[in-house]
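What follows draws every value from the coordinates through simple rules; no lab data is involved. Please read these numbers as outputs of a predicted model, since none were measured by experiment. Neighbour counts are summed over all protein chains in view; Cβ atoms, including those assigned to glycine, are modelled from backbone coordinates with ideal geometry.
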Amino acid sequence: MTSAAASPASAFTERMRAQPKLPLIVGAAAIVAAAAAFLLWSRAPDYGVLYTNVSDRDGGAIIASLQQMNVPYKFAEGGGAILVARDKVPEVRLKLASQGLPKGGGVGFELMDNQKFGTSNFAEQVNYQRGLEGELARSVESIGSVESARIHLALPKPSLFVRDQKKPSASVILTLHRGRSIDEGQVSAIVHMVSSSVPELDAKSVTVVDQRGNLLSAANAGARGLDVSQLKYAQEIEQGYIRRIEAILQPIVGASNVRAQVAADIDFSVVERTEESYKPNQDPRAAAMRSQQSSESSQQGATPAGGVPGALSNQPPQTPGAPITAPPAAPGATAATASAGSAPGSSRKDVTTNYELDRSIRHVQQGAGGVKRLSVAVVVNHRESADSAGKASQRALTPAELDGIRNLVKEAVGFSQERGDSLNVVNSAFAREGQAEGAGPALPFWRDPANLGLAMAIAQYLLVAGLALFAWFAVLRPLLRKHLAPPPAVAPDPAPAASGSAADEETAAQDSARQREIERQKADLDYAHQTADQDPRLVATLIKHWMNS
């Protein structure tokens, strides 16, 4: 009756108890299997990384070469790495390098090493362009966030005519690593590196695109055509003015009671100007004399030409008379008058004076980065005060206090009315920390959406833990106690009761039946021991039959 009601698990447990050697056999088999597995694992080669992040084309070529060299390999990290025996990694890398693997997606100037005899000029130019593109791509791939790069160069043919000359251009396609991005500074560095590597290539003619088709080179210039360095310089200027304003106002109104913003209009134009001016003519007496040239000529005693043109006027002069035969001079005439009257002549005087000219030459070179105009906005919080009852309150600043703050800000930023600067200082109450202005009171913690999500996550984990504890204490633990507990000891038969009631007789009958069942099981166990000692083959066959069934 008891064996019929026993469960299969209980029957298996009873069989295990009835056959003490069976657990030993199973344990020995398990130990042998574990030893064999450990031996095979210890003999397995220790794999090391050969290459990682290789392209599909390079990966296929590497696998084909490893199969030809009979080198065992395996993949790791979802196929992103190729592993070989650790002690063979250097040797395999050298052998693959002799075959030009991995190629890395492009070739460099090694194309020029294998030039064939009789190669045309066009083929040489194509190989040179391919080599230059490959070398530039390798240089770009050395950046940490770039996985691979492709560069296309458009190199026009040189021309003898200036009007027919064309500038080269370049296109760069970047493939970034997963989860990584490239900033504007790195894009600008790539653009300048490519433009510096190709003659007459302007940085504006270089286009950079990522693997998603996003144009990255457009970020190098703002809406006004400014490059990254100019935009960064403008931001530094604005942040410098903001720090000045906050540093001078924080000791007065408090560190958290002032906010400032500055918009600076920066002039990045480079002006170079040369002027040459002449002043109007000044008084010659006050002017500086550079040079003076004078010439004077005179002629005495010569008969001036006169008379009617013709033969009479062309006759030779008459013979002059001797002084002794000259007529006496008139009374009162001087010698000069007499000489002039007696000897006619002519005189001429020329004077040329050069004065210094007023000349002014000015060469002006104005550098980039000057501030053209400033727009400053400052917001100051209300001042906190306490009333007679000790309750804290806020009050607005007085006009005198606002004027003082305004003057301090002007001095801090170098306010210039001629330059067109503007300043606006506003006194307003700030919103409280963690609460926007005009919003209602803060929500309690049990209504906060963030806390609700956290509570739901904790509740899920607690539910799983509760189910696991219930399964252990309510199901697994009682079953283990029931099937693995030793059989209860047989109590001796109680003395027959003198009462002789029906209940006592029924209890005695049950105890007698249980005692007989135990004796029968003991007899069967003794018989099994005896049979195992006499005929082990029969026992082994029986155990094999049990295991198969």
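So the values come out like this:
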| item | result |
| --- | --- |
| Nearest-0.05 FRET efficiency for ASN114 and LYS74, computed from C-beta distance (R0 22 Å) | 0.05 |
| Gain in span if fully extended, GLN250 to ASP267, counting 0.36 nm per residue against the direct Cα distance | 3.0 nm |
| Charge sum, other residues only, whose C-beta stays under 11 Å from ILE151's C-beta, Lys/Arg counted +1 and Asp/Glu -1 | 0 |
| Set of aspartates and glutamates with alpha-carbon distance to LYS116 below 12 Å, sequence-local pairs under 8 removed | GLU124 |
| R0 of 22 Å, Cβ-Cβ distance ALA400-ALA377: FRET efficiency to nearest 0.05 | 0.55 |
| The stretch 57-72 residues near the modelled ASP87 label - backbone nitrogen below 18 Å, point 7 Å along Cα→Cβ | 70-72 |
| Approximate spin-label separation SER416-THR175, in nm, with each point projected 7 Å along Cα-to-Cβ | 5.4 |
| Net length gained if the chain between ILE543 and ASP56 were fully extended (0.36 nm per residue, minus Cα distance) | 169.7 nm |
| Dipole magnitude of the stretch 114-255, debye to nearest 20 (Cβ charges: Lys/Arg +1, Asp/Glu -1, about Cα centre) | 280 |
